[in-house]
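A.B. asks: Before anything else, here's the structure in question.
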Amino acid sequence: MATAGQQQGQGAKRKPVFTKVDQLKPGTGGHTLVVKVVNSNTVVQKGRAASSHLGHTRVAECLVGDDTASIVFTARNEQVDLLKPGATVILRNAKIDMFKGCMRLAVDKWGRIEVAEPANFEVKEDNNLSMVEYELVNVGEE
């Protein structure tokens with residue numbers, strides 16, 4: 001419902017098209033999503049022993065989602081602090097990584113995470129896309 005004043009003008013910023021979690025597919029990227037964080041589990045916390053010049057590397061697997069589905073988001077370093085359980089975040093330029101045949105959502109250096117106003121939806125946890133295992137199928141072998 002754009003009024004004439006909101007139409008694409010000279011230099012107008014394109015409004016991002018928000019993707020719903022249930023639309024995510026393997027091998028895709030450039031997604032902008034609004035998700036709520038269900039939980040967060042730290043999986044890697046490398047300290048000085050690994051490499052002192054890099055500092056600490058923290059990785060957490062966070063279950064995030066919207067009213068259509070949920071997915072595991074891999075948060076790294078300062079992203080871990082933003083993805084607190086109960087928080088609503090906007091993931092900009094997010095991409096799908098595959099981990100052991102399952103989808104993981106991630107935001108690399110080309111994307112960003114913004115803390116948003118609390119969303120008024122319940123996360124659909126019973127449709128966890130990261131629980132779906134994808135097999136590499138060679139098409140054309142009948």
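Bear in mind that the values in this text are calculations on the coordinates, not laboratory data. Note that the coordinates shown come from a computational prediction; the quantities given were computed from them, not determined experimentally. Note that each Cβ is placed from the backbone with ideal geometry, even for glycine, and that neighbours are counted across all protein chains shown.
A.B. asks: If packing is taken as the average number of other Cβ atoms within 10 Å across a peptide's residues, how do 62-73, 96-107 rank, most packed first?
C.D. replies: 62-73, 96-107
A.B. asks: Just to confirm a number: summing +1 for Lys and Arg and -1 for Asp and Glu over residues other than K95 whose beta-carbon lies under 15 angstrom from that of K95, what do you get?
C.D. replies: Residues close to K95 contribute a combined charge of +4.
A.B. asks: Where Lys and Arg each count +1 and Asp and Glu each count -1, what net charge lies around W110 among other residues with Cβ under 11 Å from its Cβ?
C.D. replies: So the surrounding residues net to +3.
A.B. asks: For V21, what charge total do you get from the other residues with a beta carbon under 12 Å from its beta carbon, if Lys and Arg give +1 and Asp and Glu give -1?
C.D. replies: With Lys, Arg at +1 and Asp, Glu at -1, the net is 0.
A.B. asks: So the label point goes 7 Å from the Cα of F99 along Cα→C-beta, right? Which residues of segment 120-135 then have their backbone N under 17 Å from it?
C.D. replies: Zone members listed by number: 128-134.
A.B. asks: Can you pull the one-decimal nm distance between simple spin-label points at D108 and R76, each 7 Å off the Cα toward Cβ?
C.D. replies: Using points 7 Å along Cα→Cβ, the separation is 0.8 nm.
A.B. asks: When you count, for each residue, the other Cβ atoms within 10 Å and take the mean per peptide, how do 129-136, 21-28 rank with the highest first?
C.D. replies: Those peptides, ordered most packed to least, come out 21-28, 129-136.
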